[in-house]
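Right, one structure below, let's go through it.
The numbers here are math on the coordinates, done by the rules we state, and not lab data. Worth saying up front: this structure is predicted, and the values here are computed from it rather than measured. Don't worry about glycine lacking a Cβ; one is built from the backbone with ideal geometry, like all the others, and counts go over all protein chains shown.
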Amino acid sequence: MNPADRIPPGIHNAIDYELLAPQAMDASHHAYVAGGCGWDTTVAANRAAFGHWAPLPRLLRDVRQGHTQLTLGGLALPHPFLLAPVAYQRLAHAGAEAATARAAQATGTCMVASTLSSCTLEAIACAAGPARWFQLYLQPERAHSRDLLRRAEQAGYRAIVLTLDASIQLASRSALQAGFSMPADCVAANLTGYPPLPAQPLADGASRIFQGAMRHAPTWDDLHWLLQESRLPVWVKGVLHPGDATALRAAGVAGVIVSNHGGRSLDGAPASLARLPAVRAAVGPGYPVLLDGGVRSGQDAFKALALGADAVLIGRLQVYALAVAGALGVAHMLTLLTEELHACMAQAGCARLADITPEALLPLSTTP
Ligand code: FNR
C-alpha cells in the first residue's frame, strides 16, 4: 500500500467513498465514471431497484457460527463481493488497476481485470492474489482475441468473463457536458500490441450503427469459438433476458452475470436487480448467477443474494475508493461492505449465505 494513501475522516460506510470521490477526482473524470449513457436513466434505476425491498429482521436465531464464505468457480472466497471489470483506472489514481489488485489480494477478493485496463493483465496478475478473472472483449481479429486468451491463461487468471452488452455505447450526457476526453497517458495497455484494423468507409446510406459500430459485434458463432478455444471456464456478463441465460447455460457457459453495464450500454434498460429473479428462475437453483449494478452497501448485496445471486460485483465504488485512498481505500471499502453484510445477516437471522432466501425480504412495491 502507498504510504501517501490515507483513509480520510468521515468514512463510516462503503457508500461514503462515493460521496467523497468528487473531491478526489478531476470533475470530468468523475463525470465519466459516474455517468451511464444518454440521460443516465438506467444508472438511477439500478439504485432505485434496491429501495423496492426491505430486509426482514428475525429474532432469537443463533448466528454465532455465522460467516460469509463461499465457493465460486472453484475459488474459496471469504465474502460474496467481486471487483467488477472497470476500464482505465488510471483516471482515478496513478497506481491504477495494480493498486486495486493489491487491495483484492489483501482482502481475498476476486478481481475481474478489464481488457481495457490501464495496466497490462500481466502487471495486474503480479499484484493480485490467486482469485483473479480476466474480462474479455472479443477483438475484431480472432488472432488478437486468441492472444489475449493465451496471455490470461499464462498469467494465472482462473476464468474468462466475456462481456457482451457493450458493442456499442452511446456517451453519457453528463460526461459530455463535463467535457470529458481520455487523457493521453490513459491507454488500453493490453491492446497496444494489436494494430487496429484500417478504417473502412461506410457505403452510401449505410448505418453508422449496424454497418459501422456493430460490424465486429460478437454473435453466437463467436461464443462457440471462444468456448472451444478457452482452457478456462467462460462466464458471460451483460445478461438481462432469461432466454439468453438458458441458451448460454446450454452452450456451456460456466455462469452468467446479470448486468446492464452499470447503465452504460442501453439507457432505459431495466435495473439489473429487477431482472435477477427471472434469470434465476430460468436457470434453476444450482447454476452460478452473479449480479452487478447499483450495489453500494452490504444490505444491497443481501437483497441481491435473497433474489437469487450467488455473489455481486462492485463497479464504481471500487473506482471511488481508489481515487479517495488508493489500494488502502479499496481494501477498506471491501471490508466495510463485508461488515455491513454481516450486520444485515445477523439482524435477519441468517448465519450462512444459503440462509438468505427470498423470504428474508419484504417487497415494498408491486414493481420490484
Ligand atoms: C465499467 N464496466 C465495464 N464492464 C466490463 O465488462 N468491462 C469494462 O471494461 C468496463 N469498464 C467500465 C468502466 C467504468 C468507468 C464503469 C463505471 C463501468 C461495467 C462494470 O463492470 C459494472 O458492470 C458496473 O460498473 C456495475 O455497476 P456499478 O457497481 O458501477 O453501479
- Query: If you rank ILE11, ILE124 by fewest surrounding Cβ atoms within 10 Å, what's the result?
  - Reply: ILE11, ILE124
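Compute the projected area of the convex hull of the Cα atoms of the range 183-227, averaged over all viewing directions, and report it in nm² to one decimal place.
For the range 183-227, averaging the hull's shadow over all directions gives 5.3 nm².
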- Message: Which of the three applies to the range 210-307, rounded, prolate or oblate, going by the alpha-carbon gyration tensor with a ≥ b ≥ c and a/c under 1.5 meaning rounded?
- Response: oblate
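For a footprinting-style exposure proxy, rank TRP220, TRP235, TRP39 by other Cβ within 10 Å, fewest first.
Values: TRP220 10, TRP235 24, TRP39 15.
Ordered by Cβ neighbours within 10 Å, fewest first: TRP220, TRP39, TRP235.
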- In whole angstrom, note down how far apart the Cα centers of the range 273-302 and the range 303-368 are. 11
- Stokes-Einstein D in µm²/s, Kirkwood radius over Cα pairs - the range 104-217 at 37 °C with 0.692 mPa s viscosity: 203
- Along the charge dipole of the chain, Cβ charges K/R +1 and D/E -1, which of PRO22, PHE180, ALA203 sits furthest on the positive end? PRO22
- Task: Within 10 Å of each residue's Cβ, count the other Cβ atoms and sort VAL283, VAL312 from fewest upward.
- Result: VAL283, VAL312
- What relative contact order, as a whole-number percentage, does the chain give when Cα pairs under 8 Å and 6 or more residues apart are counted? 31
- Message: Show me the helices of the chain, taken as full DSSP H stretches, that run 24 Å or more along their long axis by Cα and average 0.0 or above in Kyte-Doolittle hydropathy.
- Response: 316-347
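So if each residue of separation counts as 0.36 nm, and I subtract the Cα-Cα distance between ARG352 and ASP221, what length gain in nm does that give? Let's see the in-between values first.
Numbers: separation 131, 0.36 × 131 = 47.16 nm, distance 3.99 nm.
Full-extension gain reported as 43.2 nm.
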- Of the options TYR137, PHE302, GLY38, report the single residue whose Cα projects farthest towards the positive end of the charge dipole of the chain (beta-carbon charges: Lys, Arg +1; Asp, Glu -1). PHE302
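Regarding the range 287-345, what whole-number volume in Å³ per residue does the convex hull of its Cα atoms give?
Working: hull volume 4.2 nm³, N = 59.
Per residue, the Cα convex hull of the range 287-345 comes to 72 Å³.
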- Message: Distance between the C-alpha centers of the range 127-195 and the range 52-126? Whole Å please.
- Response: 18
- Message: Could you tell me which residue out of ALA48, THR68, LEU364 lies farthest along the dipole of the chain toward its positive end? Charges go on the beta carbon: Lys and Arg +1, Asp and Glu -1, centred on the Cα centre.
- Response: THR68
- Item | the range 228-364, relative contact order in percent, only Cα pairs under 8 angstrom and at least six apart counted | 19
- Taking placed amide H atoms and a strict 5 Å upper bound, the residues 5 or more places from LEU75 or on another chain that come that close are none
- Item | For the range 1-115, convex hull of alpha carbons as volume per residue, Å³ | 186
- Message: Tell me whether the range 48-89 comes out rounded, prolate or oblate; compute the Cα gyration tensor, take square roots of the eigenvalues as a ≥ b ≥ c, and use a/c under 1.5 as the rounded threshold.
- Response: oblate
- Along its principal axes, what span do the Cα atoms of the chain show, with the longest given first and each in whole Å? 69, 49, 41
- Item | Interchain or long-range residues, amide H under 5 Å from ALA54's placed H | LEU362, LEU364
- Item | Cβ-Cβ FRET estimate between ARG150 and MET182, R0 fixed at 30 Å, reported to 0.05 | 0.65
- Message: Once you place label points 7 Å from the Cα toward the Cβ at ARG47 and GLN65, how far apart are they in nm?
- Response: 4.1
- For the chain, the longest stretch holding no trypsin sites (Lys or Arg not before Pro) located in a DSSP loop with at most 10 other Cβ atoms within 10 Å is which? 65-230
- For LEU290, the residues 5 or more places away or on another chain with a placed amide H closer than 5 Å to its own amide H are VAL256, ILE257, VAL258, ASP310
- For q = 0.17 Å⁻¹, what log10 I(q)/I(0) does the range 242-368 give under the Debye formula with an equal point scatterer on each alpha carbon and no solvent? -0.96
- Query: Where the only charges are on Cβ atoms (+1 Lys, Arg; -1 Asp, Glu), what is the dipole of the chain about its Cα centre, to the nearest 20 debye?
  - Reply: 340
